Amino acid sequence: MTLTARSLRSAAHHLVRAQHRLHSTTNTTAKTLTIPDLSRFDKMPSKEIKATDFPLLQTCLTDNKEWAEKVHVDDPDFFRRSAKGQSPFLLWIGCADSRVPESVVLGRKPGEIFVHRNIANQFHHNDDSANAVLTYAVKHLGVQHVAVVGHTACGGCLAAHESPKPDPTNTESTALSRFLAPLIELRHSLAEDASIDELIVANVRKTVKTVCESEIIQENWKNAQKTGKQPVYVHGWLKDLSTGLIKDLECSEGPDY
């Protein structure tokens with residue numbers, strides 16, 4: 001399905017209205033979380049299972065409580081401000097890899113970075129999820145920058161690097177193979193002896209270009225030219241898992257006017 005500007009605006013409008021209703025409710029209800037009555041659901045597991053039955057998950061919930069308490073001690077008003085809304089300056093398009101948590105590696109607080117993560121930090125023009133995130137980030141949250149962030153030892157790039165050229169006659173596919181198809185094509189557009197690291201960098205650079213070609217970025221740049229407002233800039237970064245450091249690949253894009 002092709003996303004039109006009208007359909008994107010309509011969907012975003014309803015999302016914003018829903019967020020406003022949520023903020024209004026947050027400001028008028030009790031501060032504690034109310035758990036709804038689930039007894040009305042007739043298709044429940046025959047055996048009651050709780051997350052706290054699993055020691056590792058119980059540890060996560062305990063750690064969350066300690067984290068929230070520490071944040072409250074350091075900044076008593078933080079969660080009240082956070083509940084009212086968010087003002088991220090950056091949209092992070094990154095890999096779903098568990099070793100690259102954006103707020104942690106950038107040392108930022110909740111509310112500063114809007115996030116879209118998937119396999120191998122890709123952006124496809126026909127991906128409704130990615131386009132919806134980009135639209136909301138740019139048009140309604142007012143992010144100033146988009147960072148496409150790859151990382152060393154990327155499993156998605158490794159799989160693409162080892163894959164043969166796509167066979168158009170092959171009708172068998174999975175969600176993962178379909179999502180990796182553009183990355184596999186990119187790999188076979190490089191030199192035969194191209195390394196995995198070269199594919200990782202090429203993927204980030206290509207995704208920066210793809211994001212810039214999107215309808216929402218093109219519209220933002222045109223509007224910025226007319227109004228004189230700051231346009232959104234798109235950047236390409238690479239996180240080195242062996243050092244924890246993020247490198248700027250110096251492939252940033254902005255309007256050419």
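Just a few scattered comments:
- Relative contact order (%) - the range 98-225, alpha-carbon pairs under 8 angstrom, separation at least six: 31
- Simple spin-label estimate for LYS165 and GLU192 gives 1.2 nm between the two label positions (7 Å along the Cα-to-Cβ direction from each Cα).
- Three-way shape label, the range 129-222, alpha-carbon gyration tensor, a/c 1.5: prolate
- Pairwise Lys count, the range 32-159 - Cα closer than 30 Å, eight or more residues apart or different chains: 11
- Annotation note: GluC sites (Glu not before Pro) in the range 46-128 located in DSSP loop regions with a Cβ neighbour count of at most 10 within 10 Å are GLU48.
- Amide H contacts of ILE119 (H built 1.01 Å from N, under 5 Å, at least 5 apart or other chain): ALA96
- Amide H contacts under 5 Å for SER252, placed H, 5+ residues apart: GLY236
- Overall form of the range 53-116 per C-alpha gyration tensor (a/c, 1.5; a/b vs b/c): oblate
- Accessible surface area normalised per residue over the range 163-257 is 63 Å², counting heavy atoms of protein chains with a 1.4 Å rolling probe.
- The HN-Hα couplings worked out from phi for the range 140-157 by the Karplus form 6.51 cos²θ - 1.76 cosθ + 1.60 (θ = phi - 60°) are 10, 9, x, 4, 9, 9, 10, 10, 8, 10, x, 8, 5, 6, 6, x, x, 5 Hz, whole numbers, x standing for Gly and Pro.
- Protein accessible area in the range 196-249, 1.4 Å probe - carbon and sulfur %: 51
- Ordering LEU158, LEU134, VAL201 by Cα displacement along the dipole of the range 116-207 toward the positive end leaves LEU134 in first place; charges were set at the Cβ atoms of Lys, Arg (+1) and Asp, Glu (-1).
- Sequence-distant residues sharing a close amide H with LYS239 (under 5 Å, placed H): GLY150, HIS151, THR152, LYS247
- Separation in nanometres of the label points that stand 7 Å from Cα toward Cβ, at LYS70 and GLN230: 3.1
- Table column - 3J(HN,Hα) (Hz), the range 66-77, Karplus curve with 6.51, -1.76, 1.60, x for Gly and Pro: 5, 4, 4, 5, 5, 4, 5, 5, 6, 8, x, 9
- Difference of contour (0.36 nm per residue) and Cα-Cα distance, ALA83 to GLU213: 43.4 nm
- Taking a ≥ b ≥ c as the square roots of the Cα gyration tensor eigenvalues, the range 138-180 comes out oblate, since a/c reaches at least 1.5 and a/b does not exceed b/c.
- Scalar couplings 3J(HN,Hα) for the range 160-174, obtained by applying the Karplus form with A = 6.51, B = -1.76, C = 1.60 to θ = phi - 60°, are 5, 5, 8, 8, x, 4, x, 9, x, 7, 7, 8, 8, 8, 10 Hz; x denotes Gly and Pro.
The values are calculated or read from the model by the stated rules, or taken from the named source; none is laboratory data. Treat the numbers as computed from the prediction; the structure is a model and nothing was measured. Counting neighbours? That spans all protein chains shown, and the Cβs are built from the backbone with ideal geometry, glycine included. Note: accessible area is taken over every heavy atom of the protein model, side chains too, but ligands, DNA and RNA are not part of it. Shrake-Rupley method; radii C 1.70, N 1.55, O 1.52, S 1.80 Å.
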